[in-house]
Amino acid sequence: MTRPFPADITVFERGWLSSNNILLQGEQAVLIDSGYVTHAAQTVALVEEALHGQALSLLINTHLHSDHCGGNAALQQRYPTLRTEVPAGEASAVAMWDQGALSYRATGQQCPRFRAQGTVTGQTERQLGDRRWEVHAAPGHDPHSVMLFEPESRTLISADALWEHGFGVVFPELIGEPSFAEVAATLDHIERLDPQWVVPGHGRVFSDVGTALSTARRRLDGMVRDPVKHARHAFKVLIKFKLLEQQRMSTAQWAEWRDATPYFKAIHTRFFSARALESLSEELLDELIGSGAARREGDSLLNV
Ligand SMILES: [Zn+2]
């Protein structure tokens with residue numbers, strides 16, 4: 001039986017710089033993920049408008065990549081009684097604001113400091129909004145990531161573990177922590193949950209989960225067969241993300257950012273050590289430009 005998408009779940013579909021934000025309405029309003037810092041004012045406005053004066057009670061992050069928690073600080077400022085919960089394995093890094101452990105320094109991205117008052121853990125159940133949700137561990141894209149599943153409507157909030165046409169870069173693999181098997185296990189876990197609706201971290205809500213799982217598994221097989229291709233893809237994703245953030249960068253700014261971003265050095269050392277980082281990064285930038293995702297204008301790089 002096909003059930004309609006639940007009316008008390010509001011999805012703010014944001015794009016690629018900011019993750020989607022999911023508002024679970026009820027006696028207590030709950031938000032899942034808060035987008036990227038440069039969109040934080042818009043995130044607050046979207047939540048305010050949907051809540052009609054009700055306060056936001058709880059904010060949960062599926063994982064702590066900058067595009068999923070960059071609006072946390074602004075929401076905490078707007079709603080002083082807001083409780084924020086993060087995946088259990090990240091709680092101490094948040095408490096100490098260890099930017100190395102939190103990936104912001106490594107990826108050359110930004111996230112304003114926020115506080116967390118609690119944690120979310122896989123294999124637990126929670127009352128969120130007016131529904132009972134299951135929390136599931138979803139390692140792979142990020143070792144600490146969780147997903148949320150509501151069995152009655154069979155709605156899955158999948159974060160970056162499953163999108164309509166793939167899934168997020170498998171970051172741990174880039175620094176030598178084998179994780180492709182965890183991606184596969186998380187996809188199997190999603191299949192067992194048998195969701196009718198998937199609310200991904202990026203892109204629209206979808207219900208053809210079988211096709212999405214096939215696409216994801218095909219992509220994963222390609223990565224396992226050719227990890228260098230995955231590393232090249234990851235490199236380009238990081239460049240594109242920066243261009244989305246900056247919109248325009250001078251060639252000098254681009255080179256400065258690249259040289260100051262440890263992930264590039266890590267990817268380079270691990271997968272491309274026979275080449276100079278500069279020529280590799282220019283080649284990948286040219287591929288982005290060739291695919292229409294960026295363009296050069298005089299001495300500047302522009303997002304497209
Ligand atoms: Zn992510």
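Values as computed for the structure displayed
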| item | result |
| --- | --- |
| Which numbered condition ALA231 fails, given (1) touching a residue at least 60 places away in the same chain (Cβ under 8 Å); (2) among the small types (Gly, Ala, Ser); (3) in contact with an Asp or Glu (Cβ under 9 Å, 6 or more places away or on another chain); (4) outside any loop (DSSP other than H, G, I, E, B) | (1) |
| Unmet criterion (only one of (1) crowded, with 16+ Cβ neighbours inside 10 Å; (2) touching a helix residue (DSSP H, G or I) at 6+ places or on another chain (Cβ under 9 Å); (3) of a type outside the set (Gly, Ala, Ser)) for VAL224 | (1) |
| Those residues of region 82-94 which are in contact (Cβ under 8 Å) with a residue 24 or more places away in the chain and out of contact with any Leu (no Cβ under 9 Å at 6 or more places or on another chain), in sequence order | ALA88, GLY89, ALA91 |
| Residue in region 59-77 that is under 17 Å from GLY201 (Cα atoms) and away from the ligand (no atom under 16 Å from the Cβ) present | yes |
| Lone unmet requirement of (1) crowded, with 17+ Cβ neighbours inside 10 Å; (2) away from the ligand (no atom under 16 Å from the Cβ) for ASP130 | (1) |
| Within region 234-251, tally of residues that are touching a strand residue (DSSP E or B) at 6+ places or on another chain (Cβ under 6 Å), surrounded by fewer than 17 Cβ atoms within 10 Å (Cβ to Cβ) and either on the phi < 0 side of the Ramachandran plot or free of Cβ contacts under 8 Å to residues at least 12 places away in the same chain (or both) | 2 |
| Single condition GLN196 does not satisfy, out of (1) within 16 Å of the ligand (Cβ to nearest atom); (2) of a type outside the set (Lys, Arg); (3) surrounded by fewer than 22 Cβ atoms within 10 Å (Cβ to Cβ); (4) over 24 Å from HIS233 (Cβ atoms) | (1) |
| Looking only at region 253-299, and only at residues there that are among the polar types (S, T, N, Q) and under 24 Å from the mean Cα position of the chain (by Cα), the one that is nearest to ALA231 (Cα to Cα) | SER281 |
| Test: residue in region 91-104 that is hydrophobic (A, V, I, L, M, F, W, C), assigned to a loop (DSSP other than H, G, I, E, B) and closer than 16 Å to GLY35 by Cβ | no |
| Selection from region 149-162 of residues that are in a strand (DSSP E or B), within 15 Å of the ligand (Cβ to nearest atom) and touching a His at 6+ places or on another chain (Cβ under 9 Å) | ALA159 |
| Among the residues listed as GLY26, GLY53, GLY15, the single one being more than 16 Å from the ligand (Cβ to nearest atom), more than 24 Å from ALA137 (Cβ to Cβ), touching a residue at least 40 places away in the same chain (Cβ under 8 Å) and not hydrophobic (A, V, I, L, M, F, W, C) | GLY26 |
| Yes/no for THR38 being away from the ligand (no atom under 16 Å from the Cβ), closer than 27 Å to VAL237 by Cα and surrounded by fewer than 21 Cβ atoms within 10 Å (Cβ to Cβ) | yes |
| Residue tally, condition touching a His at 6+ places or on another chain (Cβ under 7 Å) and surrounded by fewer than 23 Cβ atoms within 10 Å (Cβ to Cβ), over region 41-72 | 0 |
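Bear in mind that the values in this text are calculations on the coordinates, not laboratory data. Computed from a predicted model, the values in this text were never measured in an experiment. Methodologically, a virtual Cβ is constructed for each residue, glycine included, from the backbone with ideal geometry; neighbour enumeration extends over all protein chains shown.
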